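Any read-out appearing in this document is the output of simple, stated calculations on the displayed coordinates, not a laboratory observation. What you are looking at is a predicted structure, and each value in this text was computed from that prediction instead of being measured. Note that we place each Cβ from the backbone using ideal geometry, even for glycine, and neighbour counts take in every protein chain shown.
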Amino acid sequence: MMNANEATRSAARVLARCDALAEISESAEGLTRVYLSPEHMRANAQVGEWMRAAGMTVWQDAVGNICGRYEGAEPGAPALLLGSHLDTVRNAGRYDGMLGVLSAIEVVNWLHQHRLRLPLALEVIGFGDEEGTRFGITLLGSRGITGSWPENWPAVADGNAITVAQAMTDMGLDVARIDSAERAVDEIAAYLELHIEQGPCLEQADLALGVVTAINGARRLNCRFRGEAGHAGTVPMTHRKDALAAAAEWMVYIEQMTCRYGQQRVATVGTLHCPSGAVNVIPGETELSLDIRGPDDAQLNELLSDLLVQGEAIALRRGVTFEASEYYAINATACDLRLQQALSAAVTQVQGRSLSLPSGAGHDAIAIAERWPSGMLFVRCAGGISHHPAEAVSQPDVASALQAWLLAVQNVAAAFAPQASARQEAV
Ligand SMILES: [Zn+2]
């Protein structure tokens, strides 16, 4: 177990390194570091240096992820993969992603300093793209590891018409070798990611740490009520087919009904538009967007169909029409139960109790979980603020996180080692 003094020193180093990485930005005002930029390569070089100092062998893979490996008790053993991303949104905070990579290096560093080897190797990875800031496609780093880049990705261009393939060449990477970033299923035993919560739940519960149950699935729809435009002065209230009033009634229903479905599901109407609206015209047409999210796909679909049925019912009663078309859907990603238990036990040991919560934001674990058991540890961030320069974590919270992270890594390495599963099968 990492003692309190070690955890304090380690947390101070993590925060200082987050500050150092925040200096590696494309502009002096604010932190912006995008995939396949010179800043990306500089951050990789810096992180690689820290990995080496923690006793790891280091390489940059074919899609630009920075990787380090600390052998287990048996050389060549499968690895427990620890990581997060090093890219940022524009004008970002300095902990989203980076905190996970730097904390993982501290765990390895502690083992290295204590001359300890685990039943699994440890690999730390700093993914090159999670946010999708530059090319509008996301998870390029983690999808390199799972070998699931769609064929068209190299041809996708950024805002300056530079394609992924060209950007790779510019950074000394070879687009023909993308496939070599893929890792075989049996090389990696499991994946753990530490990340700031990016929401207010831990702060509200007065806890530094929480365990992620699932990464929310999401559905997005374009919706429309169509009624009849008319003169705001001459058409009596009883004769109107007001599309905006129908939309308003539906929005109130969405808010009330989603609350009734419990805390874990959220629904948002983010845009509302009357195409030929004017102050003296009864709205004939109203377009609105709907975004709903939750940790369980079946429950999410149940909420969605409830909302759509009600949209129809409101339209029917008001003599207008209603239509909705889904243009984006991503399934929820469940975190591995054994990893959740290991993380909860470690968190309970450090802070007295654990809290399980879903993640409302996307993470590299979405891609990795398609191939390997994946688990996530959340660290409280001030006010739940993220994707913003005001993003902040406290040093005591990071110290607790490092203690829990090391415990979890040790427990998971014991439980997921090949000999351990062989023993279980023999029993
Ligand atoms: Zn992130």
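Listed values, structure above:
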read-out: All Cα pairs of the chain, percent lying beyond 40 Å; value: 26
read-out: Whole-number percent relative contact order across the chain, with pairs defined as alpha carbons under 8 Å at least 6 apart; value: 22
read-out: Sites L316 and Q349, calculated FRET efficiency, Cβ-Cβ separation with R0 45 Å, nearest 0.05; value: 0.20
read-out: The stretch 314-423 shape via C-alpha gyration tensor axes, a/c threshold 1.5; value: oblate
read-out: Note, ³J(HN,Hα) from phi for the stretch 197-210, Karplus 6.51, -1.76, 1.60, rounded to Hz, x at Gly and Pro; value: 5, 6, x, x, 5, 5, 4, 5, 7, 6, 10, 7, 10, x
read-out: Kirkwood Rh and Cα Rg combined as Rg over Rh, evaluated for the stretch 261-388; value: 1.10
read-out: Calculated [θ] (222 nm, deg cm²/dmol) that DSSP helices of n ≥ 4 give over the chain, each run adding -39,500 (n - 2.57); value: -12000 deg cm²/dmol
read-out: Global geometry of the stretch 3-155, whether rounded, prolate or oblate, following the gyration tensor of its Cα atoms and the 1.5 cut on a/c; value: oblate
read-out: Residue among G227, G262, G319 with the largest mean-square fluctuation in a Gaussian network model of the chain, springs linking Cα atoms under 10 Å; value: G262
read-out: The stretch 171-321: radius of gyration over Cα atoms, expressed as a fraction of 2.2 N^0.38 Å; value: 1.54
read-out: Rel. contact order, % - alpha carbon contacts under 8 angstrom, at least six apart, the stretch 1-106; value: 31
read-out: Choice from V108, V156, V281 showing the highest fluctuation, given a GNM over the chain with Cα pairs closer than 10 Å; value: V281
read-out: Distance histogram in 5 Å bins (all Cα pairs of the stretch 153-246, percent per bin); value: 2, 8, 10, 7, 6, 10, 11, 11, 9, 7, 7, 5, 3, 3, 0
read-out: Relative contact order, percent, the stretch 287-404 [alpha-carbon distance under 8 Å, six or more residues apart]; value: 23
read-out: Interchain or long-range residues, amide H under 5 Å from T213's placed H; value: L357, S359
read-out: Per-pair calculated FRET efficiency, R0 = 30 Å: I330 and S276 via Cβ, rounded to 0.05; value: 0.35
